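The values are calculated or read from the model by the stated rules, or taken from the named source; none is laboratory data. Just so it is clear, the structure is predicted and the values come from calculations on it, not from any experiment. Every residue, glycine among them, receives a Cβ derived from its backbone with ideal geometry; neighbour counts consider all protein chains shown.
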Amino acid sequence: MGMRHFPWFIGGLALAGFSCATYDGRYQFQPQPQLSEAVLSQHDASGSNKIVARAWVSLDGLRLPDPEQGLGRELEVSMEVENLSEETLRLAAQEMRIMTAGMVKLDSPRFALVGSQDIAPGEAQDLDLFFSLPENRSLHEINLSSLTLLWAVYGHQGPASGTVTFERKARATNPGALDGPFAAPWFGMGIYPDRRCLIVNRPRGRRGL
C-alpha cells in the first residue's frame with residue numbers, strides 16, 4: 001500500500017472501531033442498484049401479470065462479525081420500494097429471503113426502516129435487510145458467487161413478489177491492488193467501513209442507492 005493511502009487506512013480503522021460495521025472487501029457484488037418489479041400471484045381480469053410495486057435494490061456487502069452486538073456474518077441489502085397500486089401495500093420484510101449459489105437459503109432477516117411497513121399508493125419506503133450466514137457452514141460451502149433475493153408485498157388482492165440476482169465481482173489479479181478502500185493485501189482481505197459512517201443523508205434508490 002502506498003503512503004498516500006496510509007492516512008485513509010488509519011482513519012478507516014478508527015471509524016470501524018467507533019461502533020461502525022465493516023464489510024469484507026473480498027465480497028462485492030454487481031450490478032447495482034437494480035430495478036425489480038413485484039407481480040401479483042394471481043392474474044388480473046385480462047389474464048396478464050399485474051405489477052403493483054417496484055424496488056431499487058443494492059447488495060451492500062458482507063458485514064464482518066460484531067461480537068459486541070452479538071452479530072455474526074451478515075449480508076446487507078438496501079431497498080427503496082415504491083407502491084404503484086391504488087391501495088396500501090405492506091412490506092413482508094421478515095418473509096424476504098436470499099438463495100445462494102450453494103443452494104443455501106438465508107431467511108428471517110433482521111431489518112431496519114423509518115416508519116411503518118405499510119406503503120400508501122404512490123409512496124416509497126426505504127428498507128435495510130440483514131441476512132445472517134449460518135455459523136456452521138464455510139463461505140466456500142455457502143457459495144456467494146451468485147445471490148438471488150426474493151422480496152414481497154401484500155395487499156387486498158393478495159401477495160406480489162419479485163426477484164433480483166447479484167453476481168460477485170471478480171477480484172483484482174494484482175496481489176498489491178486495493179480490493180476495497182481500506183484493503184490489507186497481507187491479510188488476504190480488504191475491509192471497508194459502513195456507508196453510514198462516511199456519508200450523511202446519502203441518496204437512495206433510483207437517486208443513487
* To do: May I ask you to list the residues in segment 108-149 that are farther than 28 Å from ARG168 by Cβ, assigned to a loop (DSSP other than H, G, I, E, B) and out of contact with any Leu (no Cβ under 6 Å at 6 or more places or on another chain)?
  => VAL114, GLY115, SER116, ALA120, PRO121, GLY122, GLU123
* Could we say that ARG137 is charged (D, E, K, R), under 13 Å from the mean Cα position of the chain (by Cα) and over 16 Å from VAL57 (Cβ atoms) here? -> no
* The one condition in (1) closer than 18 Å to PRO109 by Cβ; (2) of a type outside the set (Lys, Arg); (3) touching a strand residue (DSSP E or B) at 6+ places or on another chain (Cβ under 6 Å); (4) modelled with pLDDT under 95 that VAL57 fails to fulfil -> (4)
* With the checklist (1) touching a Ser or Thr at 6+ places or on another chain (Cβ under 9 Å); (2) within 18 Å of LEU150 (Cβ to Cβ); (3) among the basic types (Lys, Arg) in hand, flag the one item LYS105 doesn't pass. => (1)
* Which condition does MET99 not pass, out of (1) crowded, with 17+ Cβ neighbours inside 10 Å; (2) under 21 Å from LEU35 (Cβ atoms); (3) touching a residue at least 60 places away in the same chain (Cβ under 8 Å), if it passes all the others? -> (3)
* To do: Might you check whether a residue that is at pLDDT 95 or above and closer than 19 Å to ARG137 by Cβ occurs anywhere in segment 77-89?
  => no
* Restrict the check to segment 122-137 and report whether at least one residue is touching a residue at least 60 places away in the same chain (Cβ under 8 Å) and among the hydroxyl-bearing types (Ser, Thr, Tyr). => yes
